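Read the structure below first, then the notes.
The values are calculated or read from the model by the stated rules, or taken from the named source; none is laboratory data. These figures come from a predicted structure and were not determined experimentally. Cβ placement follows ideal geometry from the backbone for every residue including glycine, while neighbour counts extend to all protein chains displayed. These accessible areas exclude ligands, DNA and RNA; they are computed on the full protein's heavy atoms, side chains included. Shrake-Rupley method; radii C 1.70, N 1.55, O 1.52, S 1.80 Å.
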Amino acid sequence: MRIRRVQLHTLALPLVTPFTTSFSTQTERRVLVMELKAAIDGHEVTGWAECGALSEPVYSSEYTEGVIDVVARHLLPRLVAAGAVGPLTAETVSEHLEKVVGHRMAKAMLETAVLDAQLRAAGLSFKDYLGVTRDRVPSGVSVGIQDSIPRLLDTVAAYLDEGYQRIKLKIQPGWDIEPVRAVREAHPRVPLQVDANAAYTLVDAAHLARLDAFDLLLIEQPLGEDDMRQHAELAKRMSTPMCLDESVVSATAAADAIQTGAAQVINIKPSRVGGYLEARRIHDIARAHGVAVWCGGMLETGIGRAANAALAGLPGFTLTGDISASGRFYKEDITEPFVLVDGHIMIPDAPGLAAVPDPARLEAATVASVDLPL
Ligand code: OSB
Ligand code: MG
């Protein structure tokens, strides 16, 4: 593969309702989309990818403007230099970028764009590339922190009416036991889990253990990203299964989390771990240890949602993921929208990562574009 042109588009997509977590309230998604043109065996192909990074470094250390900078100054030049001396494939991208420390979401975007181009040239769907045999995945929804418990109950009821199969409630100190109790009382049998986005410390262990009364599937990332040992300690003090999100930044971290008892369940987000290939490695490690995984989300547009749906078709994804319909976040997606069909999202089977933005919708949502020097 020869890289011919790389553009980074910054999109501003308004959210249908504000999304509040313990780290921020978002009213729009500023998302970076890569458009990579390449020549592969005489074919001219375009690879698409979106970046998981948010506009502020509040979920992880990465953020949109920082991603643009590191891709332009460090990642793309290394990839172009490697491509000039040897074969460039998606499977070699992470090695070429290995000397750059961190910046996993930026690396993930680049690897994904290369993989998309490669699969399109080969006429292969991501689903078939992964060896996925399912054609749909069950759909769960992440419910933000609300102004009041009655409003939360209305929101949850509306999602259940739409067919969502699992509810995840965002929690933080002051919005935890009572909202969870209210939802559980209203829906005694609905699969329910909570996500704190690192809002607590181990000092809160006794308080968090009160969540054990509500038959939750799991508690996601109650403590800090670096708090692997503390999560293992907290896991011993609660019966609710411990799930890690922010802390699992790589396959190595996943293996450590499993080995130390910090995680009984893992949320796999391809962007957080440096791409879909590392995500698959984490799936494989977890499966070998009998640890369940599920696919998390970063308010993806259809570009990322398509790839996440295919990944979540792998057999170790035994828990329902945060792969909701496009309409959960966006009135209008930039690709053909993903819709709920009987509580499921269909896995695309077109060549590539399989969701190309509609040119008019992409243009309407774009607030800035840069052509990166090669
Ligand atoms: O912690 O899972 C998280 C969104 C942004 C950043 C972090 C998280 C989330 C979500 C939404 O929970 C998941 C989705 O895209 O549906
Ligand atoms: Mg999370």
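Under 25 °C and 0.890 mPa s, how fast does region 112-221 diffuse according to Stokes-Einstein, given a Kirkwood radius computed over C-alpha pairs? Answer in µm²/s, whole number.
Numbers: Rh = 16.3 Å.
Stokes-Einstein gives a translational diffusion coefficient of 151 µm²/s.
Could you tally the net charge around D215, taking each other residue with its Cβ under 14 Å from the Cβ of D215, Lys/Arg +1 and Asp/Glu -1? Don't skip to the answer; put the middle values down first.
Details: positive: R166, R181, R184, R189, R210; negative: E185, D212.
Result for the neighbourhood of D215: +3.
How much of the accessible area of region 25-145, probe 1.4 Å, is carbon plus sulfur, in whole percent? All intermediate terms of the calculation are to be shown ahead of the outcome.
Details: 2420 of 4910 Å².
The C+S portion of the solvent-accessible surface of region 25-145 is 49 percent.
Given the alpha-carbon gyration tensor of region 202-267, what are the semi-axes of its equivalent ellipsoid in whole angstrom, ordered largest first, with each equal to the square root of 5 times an eigenvalue? Don't skip to the end; give the middle numbers.
Numbers: eigenvalues 73, 28, 17 Å².
They are 19, 12, 9 Å, listed largest first.
How big is region 38-87 by the Kirkwood estimate over distinct Cα pairs, in Å? If you can, show how the numbers build up before the last one.
Numbers: mean 1/r = 0.0771 Å⁻¹.
With all distinct Cα pairs of region 38-87 included, I get 13.0 Å.
Could you state the accessible area per residue of region 1-141 in Å², with a 1.4 Å probe and every protein chain left in place? Let's see the in-between values first.
On the way: 5880 Å² over 141 residues.
Heavy-atom accessible area per residue stands at 42 Å².
Relative to the present Cα-Cα distance, how much length would full extension add between A206 and S24 at 0.36 nm per residue of separation? Walk me through the intermediate numbers first.
Working: separation 182, 0.36 × 182 = 65.52 nm, distance 2.56 nm.
Extra length available between A206 and S24 comes to 63.0 nm.
Mind checking the angle between helix 149-162 and the chain's longest principal axis? C-alpha axes, 0 to 90 degrees, to the nearest 10.
Between helix and principal axis, roughly 50 degrees.
Considering all alpha-carbon pairs of region 71-167, what whole percent are spaced by more than 16 angstrom? Please list the in-between numbers first.
Values: 3211 of 4656 pairs.
Tail of the P(r) past 16 Å holds 69 percent of the pairs.
Could you give the angle, 0 to 90 degrees to the nearest 10, between helix 276-288's Cα long axis and the longest principal axis of the Cα atoms of the chain?
Compared with the principal axis, the helix lies near 40 degrees.
Report the FRET efficiency, 1/(1 + (r/R0)^6), for E178 and E56, where r is their Cβ-Cβ distance and R0 is 30 Å, rounded to 0.05. Walk me through the intermediate numbers first.
Numbers: r = 29 Å, r/R0 = 0.96.
Computed FRET efficiency for E178 and E56: 0.55.
Taking Cα pairs under 8 Å and at least six residues apart, what relative contact order does the chain come out at, in percent? The partial results should precede the final answer.
Working: 832 pairs, mean separation 82.2, N = 374.
Value for the chain: 22 percent.
Provide, as a two-decimal number, the C-alpha radius of gyration of the chain over 2.2 N^0.38 Å, N being how many residues it has.
Numbers: Rg = 19.9 Å, N = 374, 2.2 N^0.38 = 20.9 Å.
Compactness ratio reported: 0.95.
So which of K99/K170; K127/K168; K170/K331; K37/K107 end up more than 29 Å apart by C-alpha? Intermediate values should be presented prior to the final figure.
Details: K99/K170 36 Å; K127/K168 26 Å; K170/K331 22 Å; K37/K107 17 Å.
From the list (K99/K170; K127/K168; K170/K331; K37/K107), the Cα-Cα distance tops 29 Å for K99/K170.
Can you tell me the relative contact order of region 228-374? Whole percent, Cα pairs under 8 Å, sequence separation 6 or more.
Numbers: 217 pairs, mean separation 24.8, N = 147.
Relative contact order, region 228-374: 17 percent.
Kirkwood Rh over Cα pairs of region 225-297 into Stokes-Einstein at 25 °C, 0.890 mPa s: D in µm²/s?
Working: Rh = 11.8 Å.
The calculation lands on 208 µm²/s.
Explain nothing, just the number: dipole magnitude of region 77-208 about its Cα centre with +1 on each Lys and Arg Cβ and -1 on each Asp and Glu Cβ, in debye rounded to the nearest 20.
Roughly 200 debye, rounded to the nearest 20.
Could you list, bin by bin from short to long, the percent of Cα-Cα pairs of region 294-360 in 5 Å steps?
The calculated distribution, bin by bin, is 3, 19, 30, 28, 15, 5, 1, 0.
Between D195, D128, D333, which gets the highest mean-square fluctuation from a Gaussian network model of the chain, Cα cutoff 10 Å?
So, out of D195, D128, D333, the one fluctuating most is D128.
Where does helix 76-85 land angle-wise versus the long Cα axis of the chain, in degrees 0 to 90, nearest 10?
That works out to roughly 50 degrees.
When the chain is modelled as a GNM with alpha-carbon springs shorter than 10 Å, which of P14, P270, P173 fluctuates the most?
Top of the fluctuation ranking is P173.
How much area per residue is accessible in region 253-374 when the probe is 1.4 Å and only protein heavy atoms are counted (Å²)? Could you put the intermediate results ahead of the total?
Working: 4430 Å² over 122 residues.
On a per-residue basis, region 253-374 sits at 36 Å².
Heavy atoms only, probe 1.4 Å: what % of the accessible area of region 209-336 goes to carbon and sulfur, would you let me know? Kindly include the intermediate steps, with their values, before the conclusion.
Working: 1920 of 4070 Å².
Carbon and sulfur atoms account for 47 percent of the accessible area of region 209-336.
Could you work out [θ]222 nm for the chain from helices alone, using -39500 (n - 2.57) per DSSP H run of at least four and dividing by all its residues? Round to the nearest 500 deg cm²/dmol. Don't skip to the answer; put the middle values down first.
Numbers: 13 runs with 127 residues, N = 374.
-10000 deg cm²/dmol, from helical runs alone.
In whole angstrom, note down how far apart the Cα centers of region 349-373 and region 79-99 are.
Result: 24 Å between the Cα centres.
Calculated FRET efficiency, D147 and R189, Cβ-Cβ r, R0 35 Å, to nearest 0.05? Could the numbers behind the result be given before it?
Details: r = 27 Å, r/R0 = 0.76.
After rounding to 0.05, the efficiency reads 0.85.
Treat every Asp and Glu Cβ in region 281-374 as -1 and every Lys and Arg Cβ as +1, leave all other atoms uncharged, and give the resulting dipole magnitude about the Cα centre to the nearest 20 debye. Before the final figure, lay out each step's value.
Details: 6 positive and 11 negative charges, 67 e Å.
Roughly 320 debye for region 281-374.
Where the only charges are on Cβ atoms (+1 Lys, Arg; -1 Asp, Glu), what is the dipole of the chain about its Cα centre, to the nearest 20 debye?
On the way: 35 positive and 47 negative charges, 86 e Å.
Dipole size: approximately 420 debye.
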